[in-house]
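Below is one structure, written out as structure tokens; the observations come after it.
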Amino acid sequence: RRLREAALQLSTALETALAELPAWAERGDLATRIDELTGLEEQADALAATALDRGLGEEEAATVERILGRLEAALRARTAAGIG
């Protein structure tokens, strides 16, 4: 159950981050990270749809964790670059 919720929340969190992060795109390597996250958005959306439909298997769970890791890394990079 928690994995299903994680996939649903990941899709929303990724969408939110992609709306907010471009303001810091010129700092550090954030532009590259934003591009990476943009490339993962369709996959995250598909995982959320699958989670609603039937739940997720081990490979899909690993993909959720990988995308979440990339999202977290981008948010840490933004903070490291200074958000003020």
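Table for the structure above
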quantity	calculated
Accessible surface of the chain [probe 1.4 Å, protein heavy atoms]: carbon and sulfur percent	49
Cα gyration tensor shape for the chain, rounded if a/c is under 1.5, else prolate or oblate	prolate
Selection of GluC sites (Glu not before Pro), region 1-83, meeting DSSP coil and at most 12 other Cβ within 10 Å	GLU26
Only Lys, Arg (+1) and Asp, Glu (-1) charged, at Cβ; region 14-84 dipole about Cα centre in debye	360
Candidates per trypsin sites (Lys or Arg not before Pro) in region 1-70, loop by DSSP, up to 13 other Cβ within 10 Å	ARG1, ARG54
Accessible area per residue, Å², the chain with all protein chains present, probe 1.4 Å	63
Two-site FRET efficiency, ALA49 against THR79, from Cβ-Cβ distance with R₀ of 30 Å, rounded to 0.05	0.45
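The values are calculated or read from the model by the stated rules, or taken from the named source; none is laboratory data. Fair warning: this is a prediction, and the values are worked out from it, not measured in the lab. Positions of Cβ are backbone-derived with ideal geometry, glycine not excepted, and every protein chain shown enters the neighbour counts. With ligands, DNA and RNA removed, areas are computed over all heavy atoms of the protein, side chains included. Shrake-Rupley method; radii C 1.70, N 1.55, O 1.52, S 1.80 Å.
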